[in-house]
1. In µm²/s, what is D for the range 1-160 at 37 °C and 0.692 mPa s, where D = kT/(6 pi eta Rh) by Stokes-Einstein and Rh is the Kirkwood radius from Cα pairs?
2. At 1.4 Å probe size, with the rest of the protein present, what percent of the exposed accessible area of the range 3-77 is carbon and sulfur atoms?
3. In whole angstrom, note down how far apart the Cα centers of the range 396-472 and the range 33-78 are.
4. 5 Å is the cut-off here: which amide hydrogens, built 1.01 Å from N in the peptide plane, fall below it relative to HIS272, excluding neighbours closer than 5 in sequence?
5. Where does the charge balance sit around ASN236 when Lys and Arg score +1, Asp and Glu -1, over other residues with C-beta under 11 Å from its C-beta?
6. Averaged per residue, what accessible area in Å² does the range 97-174 show with a 1.4 Å probe, protein chains only?
7. Tell me the volume per residue, in Å³, of the convex hull enclosing the alpha carbons of the range 386-472.
8. Just from the alpha-carbon atoms, what are the Rg and Dmax of the range 97-174 in angstroms?
Amino acid sequence: MDRLKLSHIDEELDSSEVAALCFLCLGIVNRKRMEGIKDAKQLFLRLEENGLLDDGAFLAELLHTIRRADLLSLLETDSRRPEETDARPTLSPYRVMLYRIYEDMTTENFEKMKFLLSSKLGRRQIEASDTALDLFVEMEKADLLSPTKLKDMHAVLKEFDQQLALTVKHYMDDSESSSEVNNGSQDVTFHRFYSSFEGERIYSDAQPNRQPSSVANEMEYYDLNHNPRGLCVVINNEKFLGEELKDRGGTQEDANVLQSVFSRLGFTVVVHNNLTAGSIQSELTELGKKDFLDHDALVVCVLSHGEKGCVFGTDEKKVKLRELTSPFTSKNAPTLAGKPKLFFIQACQGGSYQEGAVPCPPRPGEEEVREPSLEEDAGPVHGETVAWDADFLMGMATVPECKSFRNTSTGSIYIQELCRQLMKYAKSEEKDDILSVLTRVNREVGKGEYLSHKQMPEPKYTLTKKLVLKYV
């Protein structure tokens, strides 16, 4: 990035703002490398070392977070766009939450907080903390504060500022709801990148897992009677061998949560790491030859870089989306005929960015939803045969031509929200099918802004029945 622009930004930032930027970068830049930074120029060098100043998008997010939007104009003249936004980190919601607390904390309350923590932190640590951000760092070093350890912080804030305590409580509720996905096996926490959750009812995991018993309903729902339900294959590409595509930091978080969620949904999960294009094709071709007689469904998840209509192997060669699904058509895998085949693709599908717009209100008299008329070719298909391409669902992280986003610490926007929604409705008494779940994923992902841009997932399907996934 242009050094002259960085120098101008440095001149505009005071020491407290530089300290705030350093705090927000912890976890993205190694903590030791952040020590001793006195001005923005030194911080920019650290960011540059980590490839975070290639296009100015990450710096723009930092400036926006500390409310220095007036400096964004210095970045807008840089016409270069990120080569691969999917591989670019975004700020930790945990750190942004702590920064907002720091912003809203009065000097008097800061002194109260130091006093209340004096029994847990040493005198030297307390005296070295000139701001709440310093105190938060000392609490992290003492293992009193982390994305999954917020009870001490919440208890202290409740003593003098209920509103700040509520900020932490909302974050804790969101994180606890999401981290249930890991079933206690890992200390991985989902982070909400966008709006807060609405209230949700929680039910026992022992909820009976029976499909509707009437003849009409049996025809409407896919059968899920076997245990395990089938295979869930995850292709997780993180390390790329060429020079064009960057490594995909954070993808392991996606692989972990997919493994956890689909295991609880009754699938046998197999993870393949870092496959070339040829290996992806050969693995799926061999899988398609398997006898699926005792399987109810198949799930394939691909986490990689991509372009329109394809994903990349680690050798930077393309695999067309059609090549992912072809081995599993009823022609090539007859024992999967009439069974749901789910594909979830976390990859960019182009180089464009999605932007937002305010919805236009309906004109007078158009408020009612009209039932669409059906043409003849929309009628039911009669007979006992199954179309070769029937019973597929492909969940894309983004629409064609556009980029998708991923946090290098906490995983991708799409996969994390997908798993959160699957988890939520797997233990609900509601019988929401997979298309309803994906509609909610679209809505939640579409609400957010990522590096000042939008993302809209896109499900495509030829499912012929409803698929309801519940915990086994």
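1. Result for D is 195 µm²/s.
2. Details: 1790 of 3650 Å².
Heavy-atom surface of the range 3-77 belonging to carbon and sulfur, 1.4 Å probe: 49 percent.
3. Centre-to-centre distance over Cα atoms comes out at 31 Å.
4. Here VAL234, ILE235, ASN236 satisfy the definition.
5. Working: positive: LYS239, ARG248; negative: GLU238, GLU253, ASP254.
For residues surrounding ASN236, the net value is -1.
6. Dividing the accessible area of the range 97-174 by its residue count gives 53 Å².
7. 117 Å³
8. 11.4, 34
The values are calculated or read from the model by the stated rules, or taken from the named source; none is laboratory data. Only a predicted model underlies this, so the values are computations on that prediction, with no experimental measurement involved. Every residue, glycine as well, gets a Cβ built from its backbone with ideal geometry; the counts of neighbours run over all protein chains shown. Protein only, heavy atoms only, side chains kept; ligands, DNA and RNA dropped before computing areas. Shrake-Rupley method; radii C 1.70, N 1.55, O 1.52, S 1.80 Å.
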